[in-house]
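Just so it is clear, none of the values below were taken in a lab; they were calculated from the coordinates. Computed from a prediction, not measured in an experiment: that's the story for all the values here. Here the Cβ is made from the backbone with ideal geometry for all residues, glycine too, and neighbour counts use every protein chain on show.
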Amino acid sequence: MTRLRPDLQIIADNIAPGSRVLDIGCGDGALMAALRDNKGCDARGLEIDPANVASAVAKGLSVVQGDADTDLAAYPDGSFDYAVLSQTLQTTRRPDIMLDQLLRIGRQAFVSFPNFAHWRIRMSLLLRGRMPVTRLIPQSWYDTPNIHHVTIEDFRALVEAGRYAQEGQWFLSGDKQTSKAAANLLAEHAVFLLRG
C-alpha cells in the first residue's frame, strides 16, 4: 500500500465510503487509488500532465487529460459528492472562480495549498530578500507553477467573500498536524473542507 502525502491522507480520512469524487489536478492518482481501494469510492480525475495521466490510467484509474482553468465547465452541476483540489489552487488563473466551480460540481470541496505566510518564508524574505525554496515550494520563483502566493488568512477571506461554509480545516507543519492557533504563521500547509 502506497503511503499518501499528509494532506492527501487527511482528505482520504474524511471522505465518506462509497462517495463519488472528482480529483482535480490528481497527479499520478495516488489519492484516487486509495479512495477506490480502501473506501469503495467512484473516483475520477482531471490532470494536465500527460505523464501523470498515463501513470494513473496504468493503475486502472479513470483520469482524463485537461486543464482545470478551462475544462471544469463541462462537468454537470452536483455530479460529485466531493471535488478535490490539492496543491493546485495557487497554480490556477482565478482561484475565486475555481472555488465556484468546485462547489458547483461537488456538494463539498477539499482544497489544500502551501501557506506562503509560514514563518520560514517570512524569514527568508526578511533576511535574504529573496523568494524561498522549501520542501513544499521546491522551485525557484522563475520556474514555479505557483502564480498566486496564497496564505491561510487570504484563503479564509476568499471563502468568506464567496459565502461558503467551512466544514473542516486542518494544518500541517512538516508532515504532522498542528494547532489552529497561529496557523497562518506556523503551518506550512492547509487543508479546508468547504460546502456551498
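Summary table below
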| read-out | value |
| --- | --- |
| R0 of 22 Å, Cβ-Cβ distance Y142-D96: FRET efficiency to nearest 0.05 | 0.30 |
| Hydrodynamic radius of the chain per Kirkwood, over alpha carbon pairs, in Å | 17.0 Å |
| Highest average packing first - 127-134, 108-115, 164-171, Cβ atoms within 10 Å | 108-115, 164-171, 127-134 |
| Computed label-point distance, nm, for sites T70 and D175 using a 7 Å Cα→Cβ extension | 3.8 nm |
| Proximal aspartates and glutamates to K59, defined as alpha-carbon separation beneath 20 angstrom and excluding residues fewer than eight positions away on the same chain | D23, D28, D37, D42, E47, D49 |
| Zero-based 5 Å bins, Cα pair distances in segment 83-144, whole percents | 4, 16, 21, 20, 13, 13, 8, 3, 1 |
| Over segment 48-157, volume per residue of the alpha carbon convex hull, in Å³ | 122 Å³ |
| ³J(HN,Hα), Karplus 6.51/-1.76/1.60, whole Hz, each residue of segment 37-45, x for Gly, Pro | 6, 9, 10, x, 7, 8, 9, 10, x |
